[in-house]
Amino acid sequence: MKALVALILLVQLPVHKAVPAAPPAPSGCDDPESVAAAEVAVNYINDHNHHGYKFALNRVKDIHVVPQGPNNDLIFFELDLLETRCPILSPTPLANCTVRSFAEHAVEGDCDVKMQRVDGTLSVLASKCHSHADSREDIRKVCPECPLLASLNNTEVLEAVSAALNYYNSKTTDSYLRLLEIGRAKIQYHPVHSVVAEFAVGATNCSAEEAKANAGACQLLPQDQSNFGFCTAVMLKRPSKDLQVDCQLYGHQVRAPHIPLLSRPGVTYVHPGQDTSAGLVPSAVGFINHNLGLSHNNPVASESSSSEILRSLLSTKPVTKGAVANAAQHDKVPRPVGFVPLPPPCPGKIRHFDI
């Protein structure tokens, strides 16, 4: 009898079905974890950029996290970056690099990045970037008299760089320097006619005195002794003539083993024996800035195209009229006094300025 009663009670017990776990909340562009991952991505981009200047994070534009398993996620980013004043050669940490102001004719970088997070450890699987300078019209609206970026192979720019480097080499008692690449340049015509140019240099195996006899024989120092630097030149052409140049050498830097020295910053290497006095043509012929044309795939990334995956995940979904109406009606719902709506998860805040 007891067994029968127990069986009846057991049958009457409510049946509880397993409830699937709720999907993780979408990551916000300004969440601390999202920003920390984005900063890892920016460091990676700078480490693999071979020309121009370091870029800093301006905004996390979008983020999608795709769980792959326990403590294993794929993260897809859209990032907006801004050019800093630190040459890519500089050992200055990115945190200490100043973002160029809008009036300096800012350069923006747009990057798509695929990352993986396994047990809290982040790694970049693939990245694709491009950059562009702000429009002349936008600069003129804010600063009508500000000089604009000039073409990197402009005749006046090449003249200023050549004269500045020759002048520096004629005065120094240290190593003879060779031009690696021109970073950026501006020409101003009013109220004075001047040329300002920034360019990367490398120390050679000759002293400046030895180079006077045969500069063409001077070669860049070998990898285990390399010494790169950066120069700024100001050439005044009217109403009077003047030339000022300042160069800073960074000393030998030990590179990460996965980043070959000859593919590093500013390394538009000249042909052996070619003298900088001739005014070398930079790599970005006809352009006013070095394009952050970075496209990199980590060998451990999946075989499918990372950029295609990214585009499919970040594609914009069409918004129906009904959805717009529902959203408008939702906004009319009475809110408690003091209610502050949460900001949308993306895009994130602009850290510097928008261009």
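The values are calculated or read from the model by the stated rules, or taken from the named source; none is laboratory data. Please read these numbers as outputs of a predicted model, since none were measured by experiment. When we count neighbours, we look across all protein chains shown, and the Cβ atoms used for this are built from the backbone with ideal geometry, even at glycine. The protein model used for the area step is the full one, side chains on, heavy atoms only, and it has no ligands, DNA or RNA in it. Shrake-Rupley method; radii C 1.70, N 1.55, O 1.52, S 1.80 Å.
Maximal additional length on extending the residue 148-residue 103 stretch stands at 15.3 nm, based on 0.36 nm per residue less the C-alpha distance. For region 24-138, averaging the sequence separation of C-alpha pairs within contact (under 8 Å, six or more residues apart) and dividing by the residue count gives a relative contact order of 23 percent.
Quick one: of the DSSP bridges fully inside region 24-138, what percent are antiparallel, nearest 5? Mind showing how you got there, number by number?
Numbers: 37 of 37 bridges.
Antiparallel bridges make up about 100 percent of those DSSP assigns within region 24-138.
Of 235, 115, the order by accessible heavy-atom surface (1.4 Å probe, DNA, RNA and ligands excluded), from most exposed downward, is 235, 115. Per-residue SASA remark: residue 167, around 100 Å² accessible (1.4 Å probe; ligands, DNA and RNA not included). Of the peptides 178-186, 219-227, the order by per-residue mean of other Cβ atoms within 10 Å, starting with the highest, comes out as 178-186, 219-227.
Remark on region 149-253: hydrodynamic radius 14.2 angstrom, per the Kirkwood mean of 1/r across alpha carbon pairs. Here's the list of aspartates and glutamates a cross-link from residue 141 could span, going by alpha-carbon distance under 16 Å and ignoring same-chain residues fewer than 8 apart: 104, 354. For the pair region 144-200 / region 90-125, the C-alpha centres are spaced 27 Å from each other. Using 16 Å as the cut-off for backbone N distance, which residues of region 170-196 belong to the label zone defined by a point 7 Å from the Cα of residue 238 along Cα→Cβ? Once the point is set 7 Å along Cα→Cβ of residue 238, 187-196 turn out to lie under 16 Å by backbone N, inside region 170-196.
Got a sec? What order do 190, 50, 352 fall in by accessible area at 1.4 Å, biggest, i.e. largest, first? Display every interim value, and only then the final one.
Working: 190 130, 50 70, 352 90 Å².
Output order, biggest surface exposure first: 190, 352, 50.
Quick one: of 54/349; 212/237; 61/186, which pairs are farther than 29 Å apart, Cα to Cα? Distance filter (> 29 Å) returns 61/186.
The amide H of residue 61, built 1.01 Å from its N in the peptide plane, has 78, 79, 80, 348 as neighbours under 5 Å, considering only residues 5 or more places off or on other chains. Sequence-ordered 3J(HN,Hα) estimates for region 347-355 from the Karplus curve with 6.51, -1.76 and 1.60 and θ = phi - 60° stand at x, x, 6, 7, 7, 10, 7, 9, 10 Hz, glycine and proline given as x.
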